[in-house]
Amino acid sequence: MSYYRLLGLEKEPFSTSPDPSFFFLSREHKAAFCRLQIAITLKRGLSVILGDVGTGKTTLSRKLAQALADDVQVRLHMILNPYFRSEKQFLSRLARLFRLSLPARATTLDYMEAVERFLFRDGVEEQHTVVLLIDEAQILPDFVLETLRVLLNYETNEYKILQLVLVGQLELLPRIRNIPNFWDRIALRYVLNPLSRDEVRDLIEFRLRQAAPATAAPAGPPLFTDGAIQAIWEHTQGYPRKVARLCHNALEACVMYDRRRVDGALVERVIESEAAEEAGTDTAREPHADTLLLAR
C-alpha cells in the first residue's frame, strides 16, 4: 500500500510532477499568474517568466494552460522541449501545432508564410487569441529567438496577434537582454523567487488538504510540527520542488517508523540519510541505531 494511504490520504501529496491541482499560489506565483492572464487577455505580445530550477515555473505554466482551456476564444499551443537544429525545424513544429499542411519539399520561406497566414486568419479574421507557450526557453537557439522576434512584429493597430509566453531559467535573461529589438518587445517580465518560511508551511498544508479525501474528518494536530517546518525551510531555502521532495521522504520515514507526526528530529534524520545516499555511503541503506530510537 502506498505510504499516503496509510496516513489517511487519497493522493500523493508531494509529487514533483507539475499537477495544476497541487500548485500552491504563493504571493509571487499568484502575482505572476494574474499578470500573465492580463497580458494575454489584452494581447500585449511577449511575456517572460524566469526563475531558478525548482521555483515552480513549469507548474505555473500548466496552471495557466488549465485556466486558458476554459476560454473558447483562446487557442493555446505549447512547446515543452524547444531544442531545434534549424529555423526550418522550428517552423515545421509550429506548422504541426497550428495544424497546417505543407508539401514535403516546402522551404523555410514557405513555412514562414504559412505561419503568417495562419496568425492573421486565426488571430484577426476569426478574432481568436493565439497563445504560444514555450517551456525551458533558456535552451532556445538564437535563430529561434530571431524568428520569434519576427512573429511578434505581426500586429493590428490595437494588439499583437501572437501572444508569446517564454518560461525559463535565469540564464535566459542576459541572452535576451543582449538582443535589444527582442528585449524591447517584452510586455511582462517576472522573476519567481523561493518561498518564505510561512509560505513553506502554507504550501505543505495546502498539498495535504488537496490529497485528503473529500469526506475527511475535521483536522487534528498538524502532521508537520513547527520544528519540522523550520528544518524543511532551512534545508530547502524555500524552493518548492525541494520542499515537495523532502516532505515526501519525511512522510515515508513517518510511516516506516510508525510515527504520528513529522517533527524536526525526523526531518533532520531524513536530510542526513539523503546526504549519505548522495555520497554513496552505507548510511542511506542501513539506519543508525538512534534513527530507530526516534521511532519509539
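Every number in this text was worked out from the coordinates using simple rules, so none of it is lab data. A quick note: this is a predicted structure, and the numbers were derived from the prediction, not measured.
Rg/Rh, computed from the Cα trace of segment 27-192 with Rh as the Kirkwood radius, has the value 0.94.
Residues considered: Leu162, Leu102, Leu152. Largest GNM mean-square fluctuation over the chain, using C-alpha springs under 10 Å, is found at Leu102.
Show that you can apply the helix-only estimate: for the chain, add -39,500 (n - 2.57) for every DSSP H stretch of four or more residues, divide by all residues, and state [θ] at 222 nm to the nearest 500.
Numbers: 13 runs with 141 residues, N = 296.
Rounded to the nearest 500, the figure is -14500 deg cm²/dmol.
Computed over segment 86-153, the P(r) curve from all C-alpha pair distances, binned at 10 Å from the origin, holds 18, 55, 26, 1 percent per bin. Beta bridges assigned by DSSP with both partners in the chain are antiparallel in approximately 5 percent of cases. Sequence-distant contacts, meaning Cα pairs under 8 Å at least 6 residues apart, place the relative contact order of the chain at 26 percent. Remark: segment 161-254 projects, on average over all directions, an area of 9.6 nm² (convex hull of Cα atoms). With 28 Å as the limit on Cα-Cα distance, the pairs of Lys88/Lys242; Lys43/Lys63; Lys30/Lys160; Lys88/Lys160 that go past it are Lys88/Lys242.
Over all orientations, segment 1-81 has a Cα convex hull whose mean projected area works out to 7.3 square nanometres. Over all orientations, the chain has a Cα convex hull whose mean projected area works out to 19.1 square nanometres.
Do you know the relative contact order of segment 98-195, to the nearest whole percent, from alpha carbon pairs under 8 angstrom that are 6+ apart?
Values: 76 pairs, mean separation 25.3, N = 98.
Relative contact order comes out at 26 percent.
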